[in-house]
Amino acid sequence: MKKFNVKKKYVIIIIGILLVGLILARTTGKIQNILFKKKTPEEIARLGAAEESVLVKVYKAKMTNFKDTLPVMGNIKGFKEIDLKFETNGILENFNFEEGEMVQAGDIIANLNQKDALLKLRYSELEVEKSKKLFELGGVNKIKLEQSKLEYESAKSDFEKTNIYAAGNGILGSRDIDAGAYVTPNDKVGALVEISSVYAEYNIIERDSPKLKLGQECEIFVDAYPNKAYKGTVDSIAPIVEGRTRTQKIKIELNNPNNELKPGMFTRALIATYEKDNALIIPTSAFKKKDADYFVYVIHKEEKPAEEAAKEGMPEGKEAVLERGTVEVRKIGIAYLTQDAAEINKGLKQGELIVVEAFQEFEDKQNVEISEVQESLF
């Protein structure tokens, strides 16, 4: 009887083990089905793309009116700045104008002591009168009369040399020597500046020299009139680059009817170096250069599944669905390049999307997700 009970006990244990094993097998099968459920090819491709895609910002290429300007700084110069010098030696007696005063053509700006010159002029004048009377009486020949006339003209010329006459309208720019000083023809005593027209003068760095052309339109600004822009054009371009500063000098002629612009004023200008309507423009951060070629990363958007497209209308606070796309590495041609923008003349069409911050390398057909679409250049 005792042996029978032991056998019965073993049978019950074995049956229990079998039942536990069966339950574990069914449970494990369900777990495996959940974890390792066979996916469709579309689901596999979508999951793979999501794992490999990179977030990018894109720019939508478009046509726009494009204008590039070159900012420069310089000074106002008189249209003509004439050094004032006497043609003879003498003591400076008078300055008839103060610095900054208006001067008319023909005005005597300054004069030397004229005592000796006046005596010679008066003496020669009397000699001419005497020679005329003697000639009429037959006391001298015609040659003597002509000689006395020449001596008078010489004395008159010497007298004129003791004055400095204004060659045109302008202002007295400076008085460099005071009355009482002895001067020679080598000494500059002042300057006459013509300001009915003036120049804005600028030194352009060597790198920007190729952008300059005669006749380019400019806007000029001075601190004295901050809300006013003066219009002008590039009037002259120096033929050489100065060796010490590596700059090229240009002048912009400006009309100055009200004499607002004074020589020496500090000035800023914007020179219109390039202008084109309906140009295809992209930011400079959107292209890369390799050797002599330029290229961009064009993004081709994928069509959205219906259930994902519906998520875009979700209420605020719910997760939005990013648009996916693939990369195309495309070569482009650049017609004009600035620090911030480039005009494209081949390889890109209006409306195409390109990676706007192309700092990393992308490959053809690489998967990306679009985080932002920019439609304005800046």
Within 10 Å, count the other beta carbons around each residue, average over each peptide in 261-268, 285-292, and list them highest first. 261-268, 285-292
Residues of segment 242-265 with amide N under 14 Å of the 7 Å Cα→Cβ point at M102: 256-261
To one decimal place, what Kirkwood hydrodynamic radius in Å is obtained for segment 241-282 from all pairs of distinct Cα atoms? 14.6
Under the rule rounded for a/c under 1.5, else prolate if a/b exceeds b/c, else oblate, using alpha carbon gyration tensor axes a ≥ b ≥ c, segment 81-191 is classed as prolate
Counting all C-alpha pairs of segment 165-253, share separated by more than 19 Å (%): 60
With r as the distance between the Cβ atoms of D208 and T184 and R0 = 41 Å, compute the FRET efficiency 1/(1 + (r/R0)^6) and round to 0.05. 0.40
Would you work out the Kirkwood radius for segment 182-308? I mean one over the mean of 1/r across all pairs of different Cα atoms, in Å. 19.4
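Since every read-out is calculated from the coordinates, none of them should be taken as a lab result. Here the structure is a predicted model, which is why all the values come from computation and not from measurement. A quick note on method: Cβ atoms are made from the backbone with ideal geometry, for glycine too, and the neighbour counts reach across all protein chains shown.
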